[in-house]
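Visitor: I'd like to ask some things about the structure below.
The values are calculated or read from the model by the stated rules, or taken from the named source; none is laboratory data. The model shown is predicted, which means the values in this text are computed figures rather than measured ones. Virtual Cβ from ideal backbone geometry, glycine too; neighbours counted across all protein chains shown. SASA here: full protein model, heavy atoms, side chains in, ligands and nucleic acids out. Shrake-Rupley method; radii C 1.70, N 1.55, O 1.52, S 1.80 Å.
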Amino acid sequence: MKKKFLMIVGILFPVWIAAQTVTVDFNAKRQTMIANGINMEGYHVGQWDELSGDKKEMLETLPCQVARIGAPMVEWESSNDNDDPDVINWDGFNKNDIAVIHSVNRIRRMKNEFNVDVWLSFWNLPNWILKNPNSGKPYDYQAGRQINNIDEFAESICALLVYIKEQTGVEVKWVSFNESLQQDKADGGWGGYNTVLSVDENIRLFKKAGQLFEKHGLGTKWMIGSLCFRPSELRQAKEILADPEAKKYIDGVDFHSYELQYGSQDQLEQWGDFFATCDVPTFCGELDNYKSDYKGGDWISHGMPTGKMYYQIYKYSYSAGSYPWFPGSPKEESTYRYVDLHYFAHIPPGYTVVEANSNDGNLYAIGACKDNDRVMILQNNSGMAKTVEISGFPELDGVQVYESYVNNYGVRNDKVAKYENGILKISMKPYSLYSVGTNLAEIATLRLGEQAPEGRIEAEGEMFGDGSVVATGVAGYSGWGYVDFGGVGSWAGFIYEQPSAGTYDVKISYSCSTDRTCEVYVNDEKVSDINLPSTGTSWNQKAFPIPMVEGTNTIKFVAALKSGPNFDYYEVGSLSSGIEATWMNQILVYPSIVTDKVTYNLSSDFQSAEMNLINATGTLVKQFPIEQQEGNIDFSDLSSGIYFLQIIDSETGKSNTYKLLKR
């Protein structure tokens, strides 16, 4: 008779690994996403082309709405056109400079080829507009570069925007003066990247430029340009927004993520507390992790930290859009860009971020919704697989899952999501990022390195728990690791969709230093025991017949009697060719309470077999081949206690185990 999973071996009662919990409240709405994009701010000058291949690929790959690029202000107006900021003297601007030509053509292509809006960022200015152009001390208002004439600067910006619109038909959406807010000495004394402005100067710039924009029929709006989210920058942003005349020309506040790699989450939360109640949104105009080379970096060293930054920015800053740096794209040399892709594709503009919390410090969760659509972005920032219960996610048909993990990115894998008692559960791989939801946009799949043959199921990429971990110590495995079982009750397994019921041969690639035994469960019902002979320090493959139902089969192998083996991969074959011997179903072992001997009786058609006698601690105490149909096992020399008699078919590895009590 088949039995439900509650496994009893000796006096141990192992259970499946407890799930981690994420709680989401789709009614507790926060910021609504407005626009995501990529940051090309430094890409604008000299002999650089209009739009190189990697920038094109980013625009083609990531679902962007805005491109943040630099403006060629040094080349555009190398000397002042005139002394009247209200009059544009077109002869005073270098329309034929190669940097200007490239910039204009680039903006035209942004709109016409990629249908993205343009955000122009100003940071490199001509000497004539600066009070102290040779200072060379950025981030210091007293010693750094300052604007000589705010009104003339406003005129230069307006003239460039008018010229761009005349030449391309494109109206620039936003402009900003990059990182222009000065920081108090208590914050480190930083000011602007190249040039700094006081609060009064920022207000004057926004007003003057805004008035000129209106005069020339431009709808372009400003972003306040802060560096990070230091307290003094937040104070200045509040002071600027408190001026109603300046505020009407402002569409948002730009901040950058770099301080997060050094901590500062508490300051980010203060930033978010203000923008949670402000009618002006905030945007992360530069999102990246400079602790690693932002042009590359592998998935674990860069992808996981970048994912954490996204989580912090979405959860704490109330950001309405993110702009990662342009180098690289979702391709082989910069796989961490799939972090951008998960967030951009699956929490696009129009979606509202909602309250979500996790009970695990290495499990990050962001929830969002739009109308009836629901989505979660989940990141497992640990080397352990996790089963995650999402409390508050409604029971919906057609839940979709995209997963990214080492060497496998943007993989559609809906089978890892299932409802149990109305709770959505997700099986997450180590160091992984998941999009879970309804109506998810399709994203491209990228697989790197040697891939498994058709039909192979890598054990490290599937389910395991109760002490089983991913390991790499035994050479010769496939994939990026294998599952190393723990003690009794540790397990590994996989989910398989079978089109028709039957008994199928399942090949397992395994290794173990001594013989090991596993109990096999299909959909939480025990179906057999299998014996895995010792392989030493190498790998071996062996097939076992396993009955499956039509539809979903959750197959688990549970270490019994002692610690378990290592599993590298599984392969589900065709219907079993009958390698399961019928004689294994006709064994008699008696009595179950022993004084001096146990008798066994096998059917007449028994094949080559052997017996193992194992005590309650998992130690092998006797082992011998079975050569006759009937026989006795001497218990007289054994101490009292519980023993397990294991009879193993030498051809198939299938085994039966009998629990005995020696008095």
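Visitor: Output the residue which, of all residues in the stretch 27-51 that are open to solvent by less than 20 Å² (accessible area, probe 1.4 Å), touching a helix residue (DSSP H, G or I) at 6+ places or on another chain (Cβ under 9 Å) and farther than 30 Å from Ala356 by Cα, is modelled with the highest pLDDT.
Guide: Met40
Visitor: Please enumerate the residues belonging to the stretch 124-134 that are open to solvent by 50 Å² or more (accessible area, probe 1.4 Å) and touching a residue at least 60 places away in the same chain (Cβ under 8 Å).
Guide: Asn124
Visitor: State whether the residues of the stretch 152-172 include one that is open to solvent by 10 Å² or more (accessible area, probe 1.4 Å), free of Cβ contacts under 8 Å to residues at least 60 places away in the same chain and under 36 Å from the mean Cα position of the chain (by Cα).
Guide: Within the stretch 152-172, one or more residues are open to solvent by 10 Å² or more (accessible area, probe 1.4 Å), free of Cβ contacts under 8 Å to residues at least 60 places away in the same chain and under 36 Å from the mean Cα position of the chain (by Cα).
Visitor: While we're on this one: Which one of these does Ile555 not meet: (1) aliphatic (A, V, I, L, M); (2) at pLDDT 90 or above; (3) closer than 16 Å to Asp515 by Cα?
Guide: With (1) aliphatic (A, V, I, L, M); (2) at pLDDT 90 or above; (3) closer than 16 Å to Asp515 by Cα applied to Ile555, the lone miss is (3).
Visitor: A further question follows. Is it the case, given these coordinates, that Ser534 is closer than 25 Å to Ile614 by Cα and either in contact with a Gly (Cβ under 8 Å, 6 or more places away or on another chain) or in contact (Cβ under 8 Å) with a residue 60 or more places away in the chain (or both)?
Guide: No: the conditions fail for Ser534.
Visitor: Condition check: open to solvent by 20 Å² or more (accessible area, probe 1.4 Å), in contact (Cβ under 8 Å) with a residue 24 or more places away in the chain, under 29 Å from Trp119 (Cβ atoms) and not β-branched (Val, Ile, Thr). Does Tyr310 satisfy that?
Guide: no
Visitor: List the residue pairs whose Cβ atoms are under 7 Å apart, where the first residue sits in the stretch 60-76 and is closer than 18 Å to Met223 by Cα and in a strand (DSSP E or B), the second is open to solvent by 40 Å² or more (accessible area, probe 1.4 Å) and at pLDDT below 90, and the two are 6 or more positions apart or on different chains.
Guide: Gly70/Trp123
Visitor: Can you pull out every residue in the stretch 173-212 that is of a type in the set (Lys, Arg), open to solvent by 50 Å² or more (accessible area, probe 1.4 Å) and at pLDDT 95 or above?
Guide: Lys173, Arg204, Lys207
Visitor: Same structure again: Would you confirm, using the coordinates I've provided, whether Tyr294 is at pLDDT 95 or above and under 23 Å from Gln65 (Cα atoms)?
Guide: No; evaluated as a whole, the condition is false for this residue.
Visitor: Would you confirm whether any residue within the stretch 369-381 is touching an Asp or Glu at 6+ places or on another chain (Cβ under 8 Å) and in contact (Cβ under 8 Å) with a residue 40 or more places away in the chain?
Guide: Scanning the stretch 369-381 turns up no residue that is touching an Asp or Glu at 6+ places or on another chain (Cβ under 8 Å) and in contact (Cβ under 8 Å) with a residue 40 or more places away in the chain.
Visitor: Could you identify the single residue in Asp279, Asp266 that is farther than 15 Å from Leu120 by Cα, among the acidic types (Asp, Glu) and in a helix (DSSP H, G or I)?
Guide: Asp266
Visitor: Let me ask you something else. Could you say whether any residue in the stretch 535-551 is touching a helix residue (DSSP H, G or I) at 6+ places or on another chain (Cβ under 9 Å) and not in a loop (DSSP other than H, G, I, E, B)?
Guide: no
Visitor: Here is a further query. Select from the stretch 618-642 the residues that are in contact (Cβ under 8 Å) with a residue 40 or more places away in the chain and either among the aromatic types (Phe, Trp, Tyr) or closer than 18 Å to Leu561 by Cα (or both) and list them in ascending order.
Guide: The answer is Gly618, Thr619, Leu620, Phe635, Ile642.
Visitor: With respect to Thr617, is the statement that it is out of contact with any Leu (no Cβ under 8 Å at 6 or more places or on another chain), of a type in the set (Val, Ile, Thr), open to solvent by 10 Å² or more (accessible area, probe 1.4 Å) and at pLDDT 90 or above true?
Guide: The answer is no for Thr617.
Visitor: Filter the stretch 405-454 for residues that are assigned to a strand (DSSP E or B) and of a type in the set (Phe, Trp, Tyr) and give the result.
Guide: Tyr405, Tyr409, Tyr419, Tyr434
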